[in-house]
Amino acid sequence: MVHSSPLMANLSLPLGKFSSPVDLQTLQIIADSCPDLEYLQIAILIGDDETIILRYSGGTHPLRTLSVGSSSGSVPMAEEDTTVDTVKLARFIDMTFPQLESIITHTGQADNIWMKTWEFVRLCHEVRGDERMRLGVNRCTFAKI
């Protein structure tokens, strides 16, 4: 489906018991295959054994909204005791979708993990903005007149 519609702007896949969660590598393939995607609803398989490979995508993917869930089997039942590295997960999401404006969570779909992840994604955005400002100020400071 993804390969046959590379220009789609919205993709909504089922969440909950009818979902087929994808791993982060598959999420990256979807991002690469749908370069115009602005809205994505998807179940993502997360867990402490997930290997998160950070790859800078060039900062151009236009995804603005990620409506996300994770099936109960993909994370430990006691979410507050989970070993999911939300910082690495956030860095992956931020590097894959650098223009993301919101993550929508769903009750019973690892929402606590995704809310924490969104906090870190927002922090990544702020740090990137600060870095742009810093570099902009330095360019002006060192400009020849």
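The values are calculated or read from the model by the stated rules, or taken from the named source; none is laboratory data. Every value quoted in this text rests on a predicted model; they were computed, and no experiment measured them. A quick note on method: Cβ atoms are made from the backbone with ideal geometry, for glycine too, and the neighbour counts reach across all protein chains shown. The accessibility values were calculated without ligands, DNA or RNA, using every heavy atom of the protein model including side chains. Shrake-Rupley method; radii C 1.70, N 1.55, O 1.52, S 1.80 Å.
Worth pointing out:
- Out of I44, I52, I30, one residue alone is surrounded by 14 or more Cβ atoms within 10 Å (Cβ to Cβ) and at pLDDT below 90. It is I52.
- Exclusive hit being β-branched (V, I, T), open to solvent by less than 50 Å² (accessible area, probe 1.4 Å), in a loop (DSSP other than H, G, I, E, B) and modelled with pLDDT under 70, set V2, V84: V2
- V75 modelled with pLDDT of 70 or more and open to solvent by less than 30 Å² (accessible area, probe 1.4 Å): no
- Pairs with Cβ under 6 Å, 6+ apart, first in the stretch 9-35 and farther than 14 Å from F97 by Cα, second open to solvent by less than 20 Å² (accessible area, probe 1.4 Å) and assigned to a helix (DSSP H, G or I): P21/S74
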